[in-house]
Structure formats: C-alpha cells, structure tokens
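Notes follow the structure.
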Amino acid sequence: MFARNHQGHFSNLTLAIGLAGSLLGFAVGILAGVQPLYLALGMGAVVVVLCFFKNFEATVLGLLLLRSALDPFSAQQIPAAFAIGAIVLTLLYVVAMALTERPIHTDGFWWFFAGWTAVQGLWVMLLPLGLLGMDGSFWPESLREWIRLCSWVMVYLLVMQMKATTSPQRVIACLFWSLLIPLTVAALQVIAPSVLPPIFSGVTGAGIESIGEVSRVNGTLGLANTFATFCLLFLLLTWWQIGQVKRRWPWLLLLGAIVFFIVSTKSLFVLLMMAIAILVLTAPRLKAIELLGGMAILTIAIGLFAGSDAGRERLASLYATPLLNPDIDVSRAILLSATDNNSFNWRIAQWTFLLQAWQQYPVMGYGLLTCSKLTVLHNYAHNEYVRALTEGGIVGLIAFIGFLGVQIGRLLYLARQSPPGSDRRNFCWTLLAMLLATIVGMITENIWTHTTLFFYWWTLMAVAGWDWQESPQSYGVVEQQQTEVYL
C-alpha cells in the first residue's frame, strides 16, 4: 500500500514538474523572439523555480528582500513581471503540494482576502460589458490593477507556507535586509546625487511632486511619498524590535536613520501618520520611557522638517488653503490650484472633480484604476475613499471600508489571543498602529498604490497569524515526517 502511494505521489510530482518545464520552454521560445531582456528574465525565472522547490524557505525570503529594489525599473515592467511571477510560483507550489498530498497552510483571513479580491474582479468583468461609467477600452488598465491585488493574495499564501519551517521572529528579522538597497540609494541621493544614474536620481519634477527646487529623497521606491510610507512601516518594526532585544544600540541607530530619511522625503502627511502610530503604540501601556521615546522621535522629526526650507515652505502652504484660512473657500481653492502650485488646493480640486464625476454613476462607479481618466488633472485621486467611491461606487466604497475594518478586527483578535507583554501581542499592536495611521494617511495620499509597502504589509499580516508559541524545530520534525510518509 505504501509502495503504491509512493509511486503515485512520485508520478504526480514528476508529471507536474514535466508540465511546468514544458510551459517554461514554450515561454522562453516566445520571449527570445519578442525581447532579449524578457528572455533573460525568463531564464532567471527558471533558476528561481528550481531554487524554489530545492530550498523553499531561502528562495521565498530572497524574493521578499528583492522587492524593495525593483521600482526604479517600472519602465521595463520588472515589478509587474515580479508580481505575475509571484502568482505563478505560488500556484505551482500549491499544485505540487496538492499532488503530493502535503498540507497547504491557510487561515480564515486569507480566505476572506481571496474572496474580497475575487469580488473586485466584478468591476473588471463589468467594464467591457458597458455596465460601468467607462467603456471597454480601459479594460487592460483595470485588469492590471486586479492582477496587482491578486499578487498580494498570493504573497500572503506563499508566506503562510513557511509557517511549518521557520519562526515568525526569523522572517521579521530577515525583512530588515530589504532596507539595505533603498536606504543606501537614499543616502547617496542626499550626499552625492551626481554619482547615481538617472534612474535613482530622486524626484525633482514639476507639479505636486516637487517642492520648489528641492529634491525629495525616494530611495528605490520611485516616489518620495511611497518611500516615506515604506520607511514608516520599518520605523514601527524597529520600535517593536527594540522592545524584544537586549542589545538595543544598533536598532536605535537604525531608528534614527529611518527618521532622517522620512524627513528627507519632505512628506508632510507621513509626519501625521507617525504621530498617530506613536500615539497608538504608547497610549495603552502609558510607560514613561515609551512616552518620552515616542515624543522624542516625533519632536526630532518635526524639528528637522520645520528647520528645512522645503519643510517651512510646505507648512506655510497650509495657510493658503481652506483648512487654515477662513477667507479661502473650496471654489477659490480650486481656482488657485491652477496657479499657486499648492498641493493641498490641488487635492481639493481633484476631489471636487471626482465627486462630480461619481454623481453620474453612483452605485457601481467607473471601474478599477479609472480615476486618472475622469478629470482634467489626469492624476490619481490622492484620497483613497474618494477613489473607492468613484471607481467602485457606493458598493465599492462599502467593500473597501469593510476590508479595512476586517483587518482591524483581525489584529485585535490576534492581540487578545496572545499573552500580555508577549512578542506576538506587541507585534500585532505595532501592525495595528501602522494600519490606523495608514487609514488616516489615505485621506490625502494614494497609499493604495504603494505596492511595495503592501507587499511587506501582507507578509507581516500572514506572520502575525502564525502560532508563535510553537517551536520551529518541532515544526521541522513534523514536516520531515510528513515528507517521508508522502514521498
């Protein structure tokens, strides 16, 4: 009986590998005729697949670390290829596990996440049918957006498969290496921008992305605001790490470096996010040292920001908006946005135009990733709630807010499950701080488009759901025993 099972599982696995090899060979042949660069990427993908099945954990961790360095190559479609590759790799692995009757690790939140993403595909299907505000010519953009969401679901599932072979602490510690290239490039942007190729030169263009003639540091994340939210996530992870280790000074140095780079992005909204996150982290326990530490970090960040010319200009621009100037109403702000180069007034104009467009299709909206096509400003919404309402209508906004609410509930549930003062409870609270800060930051920024941020966010959400009380060694023994039985 065991011999028959052995032969059957071996035959299934051989069939899966053979099929995968045939498909890869066919794809490589096409790529060779279309674009040599794609051929090189295809050959690299073959190597990754081989490593994937030979040393799963190391390959997944390597891919996680690589993602933070890919955004400068967006023009070459490298991040998009990476997302599709992550989907394909995950599906290959899941199929291989199913054929060999080995366990596939999921949790309740993943099924909800996958279901929510599937529902988002409804807008992709309705668009070419002419049932939304846009016609079928915008279908490719909406499809790409949906594939981007699917890649997050697959990243979550892929990370879940390491649950049986490694510890949560190890995964989190490895993620800090993803800071190496972005922070190195950001440092060169500050001290020696002339030595960098144009692809890493920083953002100095016109429009709302520039502040006068001052360059905004963006590391390898393409845009300064994207780099800022990425840094904020790792700032909070560093804060958590400081509370778990005895040798704290290296982490304190990293904390200071991240604060410096956040300020160098000249992003005002991320300072508000930082303040909210620190408040969430320190308020429940009310420990004096944590309160003082949080206030010190925030004071230093605001001081550095306000002490720079760009920071002062940014703060002064608030007084030329309806937010702080009672003599400026929304109508005047819209008129001023065409000439004053004030990003706050520009946002008010964009929101107004999008809400006017939404009134034409209030229930189901216009379709995924259509906001930039709906106004004369031809840009993203810079408000995720206005974006969700315009692109998905009332149904889409409810789904988006519900999705955020479920994440909050998930983190609170996991925190309550963990013993007070435990690593996992503190980690969940750290993620909750980031999530609440993000929810506020979404009022003025396109955080939903910060793909790299969410790539690591879903990695961390998956790890938070693991059982932190189990020993990784015992997991490895169980997995080895299962492998011996099935193979």
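The values are calculated or read from the model by the stated rules, or taken from the named source; none is laboratory data. Treat the numbers as computed from the prediction; the structure is a model and nothing was measured. Positions of Cβ are backbone-derived with ideal geometry, glycine not excepted, and every protein chain shown enters the neighbour counts. Ligands, DNA and RNA are excluded from the accessible area calculation, which covers all protein heavy atoms including side chains. Shrake-Rupley method; radii C 1.70, N 1.55, O 1.52, S 1.80 Å.
What is the Cα centroid distance between the stretch 88-127 and the stretch 326-372, reported in whole angstrom?
Between the Cα centres of the stretch 88-127 and the stretch 326-372 lies a distance of 36 Å.
Mind jotting down the three principal axis lengths of the stretch 420-474 based on Cα atoms? Whole angstrom, largest first.
45, 23, 10
Could you rank the peptides 381-388, 73-80, 117-124 by their average count of other C-beta atoms within 10 Å per residue, with the highest value first?
Packing order, densest peptide first, comes out as 381-388, 117-124, 73-80.
When the solvent-accessible surface of protein heavy atoms is calculated with a 1.4 angstrom probe, in what order do ILE289, ILE439 fall, highest first?
Final ranking, largest accessible area leading: ILE289, ILE439.
How high is the FRET efficiency between ASN341 and GLN169 when r is their beta carbon distance and R₀ equals 60 Å, given to the nearest 0.05?
The computed FRET efficiency comes out at 0.80.
Over the Cα atoms of the stretch 333-447, what is the Rg over Rh ratio if Rh follows Kirkwood?
My calculation puts Rg/Rh at 1.12.
Evaluate the Debye formula for the stretch 250-308 with equal point scatterers sitting on the alpha carbons, no solvent, and hand back log10 of I(q)/I(0) at q = 0.13, 0.19, 0.20, 0.26 Å⁻¹, in q order, two decimals.
With one equal scatterer per Cα and no solvent, log10 I(q)/I(0) is -0.33, -0.69, -0.75, -1.13.
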